[in-house]
Amino acid sequence: MFAVRKQKEDMSKLILVFLGPPGVGKGTQAAKLAEDLKLPHISTGAIFRDHLKRETELGKQARSYMDSGNLVPDELTVSLVMDRLGQPDCERGYILDGFPRNLKQGEALEKALGQRGESITAALNFDAPRQVLIDRIAGRAEKEGRKDDTPETVKNRLEVYDAETGPLTPWYREKGILHDFDAQGGIDEIYAGVKAAVEALKSQG
Ligand code: ADP
């Protein structure tokens, strides 16, 4: 009896992974959906930037990797995320933005969820042509002044994305949980597609 009830609870927990290259706008979409569904938006980039600003020990360790557009080592990233997922506000589900970012992180997440009898509900994959990404980041750089938005760093971030994060797309596709979104349109237009897909998932669950 208890096992049945537990399984039902787990099915209703919405665990979403947002994937996509730098500049694709997945952070914007993740924030909108999180607000709509009242779920935590867990952006590893934002968490790291907060540590940088507060000059914590983790911030000091992450800075050189972030400034050059490389990935922060998995040992630091995985434990940070696992800690966050164990917090009470994650009980109903959460939106992961920027994690996992390579297969090792993907496997670590899958293992941790498996131990709790949970699994990812869906991976939402956003894509747009390279030039669109580069133009968007250039626009953001003017407004926000992120240190990793310089042309040289952006080039490296796109290369790191292709080499490290790219393989997660076919990996999730094979698991049958990948949903593709064309991220070339306007924010609201893209969001309408995201919302429809998530509503469909919720009614299945
Ligand atoms: P973007 O997706 O636009 O490149 P993010 O804000 O997601 O930007 O991440 C900024 C930087 O933070 C990355 O370039 C990387 O150095 C670090 N970072 C974020 N998430 C991860 C992760 N899961 N693993 C390793 N490094 C990460």
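So the values come out like this:
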{"item": "Gained length - ASN70 relative to ALA200, 0.36 nm times residue gap less alpha-carbon distance", "result": "43.2 nm"}
{"item": "Neighbour-limited loop hits for GluC sites (Glu not before Pro), the range 86-151 (at most 13 other Cβ within 10 Å; DSSP other than H, G, I, E, B)", "result": "GLU91"}
{"item": "Computed helical MRE - 222 nm, the chain, DSSP H runs ≥ 4 contributing -39500 (n - 2.57), nearest 500", "result": "-18500 deg cm²/dmol"}
{"item": "Förster radius 35 Å - calculated FRET efficiency between LYS38 and LEU103 (Cβ-Cβ, nearest 0.05)", "result": "0.65"}
{"item": "Added length on full extension, which subtracts the Cα-Cα distance from 0.36 nm per residue, ALA192 to ALA163", "result": "7.4 nm"}
{"item": "Computed E for LYS111/GLU144 - FRET, C-beta separation, R0 45 angstrom, nearest 0.05", "result": "0.80"}
{"item": "Largest to smallest accessible area among HIS51, HIS41 [probe 1.4 Å]", "result": "HIS41, HIS51"}
{"item": "Nearest-ten-degree value, helix 151-160 long axis tilted from longest Cα axis of the chain", "result": "40"}
{"item": "Value of relative contact order over the range 9-139, rounded to a whole percent, pairs C-alpha under 8 Å and six or more apart", "result": "48"}
{"item": "Segment ARG136-ALA46, extension gain: residue separation times 0.36 nm, minus the distance between their alpha carbons", "result": "30.6 nm"}
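The values are calculated or read from the model by the stated rules, or taken from the named source; none is laboratory data. Because the structure is a prediction, the values reported are computed rather than measured. Heads up, the Cβs are rebuilt from the backbone with ideal geometry, glycines too, and the neighbour counts pull from every protein chain shown. Each accessible area value is taken on the protein alone, full model and side chains, heavy atoms only, with ligands, DNA and RNA left out. Shrake-Rupley method; radii C 1.70, N 1.55, O 1.52, S 1.80 Å.
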